[in-house]
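The values are calculated or read from the model by the stated rules, or taken from the named source; none is laboratory data. Source: prediction; values computed, not measured. Neighbour counts are summed over all protein chains in view; Cβ atoms, including those assigned to glycine, are modelled from backbone coordinates with ideal geometry.
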């Protein structure tokens, strides 16, 4: 399901799209809720402060959070090309995006927008509090929501990524095909007729 994008410059400068995720209710069942996919602004001190807080909270179990936050700092200092390197944030916050609440951030992804024939996902990280739990996690479909958002917004070129062994099934379920075994590398192609059209991306 998709709805028209809000064309307000102030709103869309930061906000990218909404996406459906699942949240556990009081009965242990999952309900659809709307999350926001937003882009890190390297010139916004509030954004930088928020990512530093996320890095602090996630550092023990956030496998890629340190790398994402380090690269966000490098982008802000123009060490990395800000036109190519993009940091996106998935948050349960649905307004006031200029003041992101670090406690509501549930996912981070670093994306490389290449000028060549394909783009790449450098890192993707889900809030460790939603992974390392004994019972059902509070949220489901976090990774899918971020992947779907990237597919929708960058559908002009294939997207490649390196995968861990434990993540192989996730990427295969989301239409990525293995293109290399060592290292494990996957590719999503927008022109693949076998792609699953069940996107969780919403706009507006």
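How about region 68-108: which of its residues are out of contact with any helix residue (DSSP H, G or I) (no Cβ under 6 Å at 6 or more places or on another chain), more than 15 Å from residue 49 (Cβ to Cβ) and part of a strand (DSSP E or B)?
Correct list: 86, 88.
Can you tell me how many residues in region 18-41 are surrounded by fewer than 17 Cβ atoms within 10 Å (Cβ to Cβ) and part of a loop (DSSP other than H, G, I, E, B)?
Number of matching residues: 5.
Identify the single condition in (1) modelled with pLDDT of 95 or more; (2) out of contact with any helix residue (DSSP H, G or I) (no Cβ under 6 Å at 6 or more places or on another chain); (3) within 17 Å of residue 112 (Cα to Cα) that residue 64 does not satisfy, given that it satisfies every other one.
(1)
Might you let me know whether region 165-178 holds any residue that is in contact (Cβ under 8 Å) with a residue 40 or more places away in the chain and in contact with a strand residue (DSSP E or B) (Cβ under 6 Å, 6 or more places away or on another chain)?
So far as region 165-178 goes, no, none of its residues is in contact (Cβ under 8 Å) with a residue 40 or more places away in the chain and in contact with a strand residue (DSSP E or B) (Cβ under 6 Å, 6 or more places away or on another chain).
Determine if region 195-204 includes at least one residue that is surrounded by fewer than 17 Cβ atoms within 10 Å (Cβ to Cβ), touching a strand residue (DSSP E or B) at 6+ places or on another chain (Cβ under 8 Å), touching a residue at least 12 places away in the same chain (Cβ under 8 Å) and on the phi > 0 side of the Ramachandran plot.
yes
Out of 127, 153, which single residue is crowded, with 20+ Cβ neighbours inside 10 Å and touching a residue at least 12 places away in the same chain (Cβ under 8 Å)?
127
Among residues belonging to region 37-66 that are in contact with a strand residue (DSSP E or B) (Cβ under 8 Å, 6 or more places away or on another chain) and touching a residue at least 60 places away in the same chain (Cβ under 8 Å), point out the one that is nearest to residue 99 (Cα to Cα).
The qualifying residue nearest to residue 99 (Cα to Cα) is 38.
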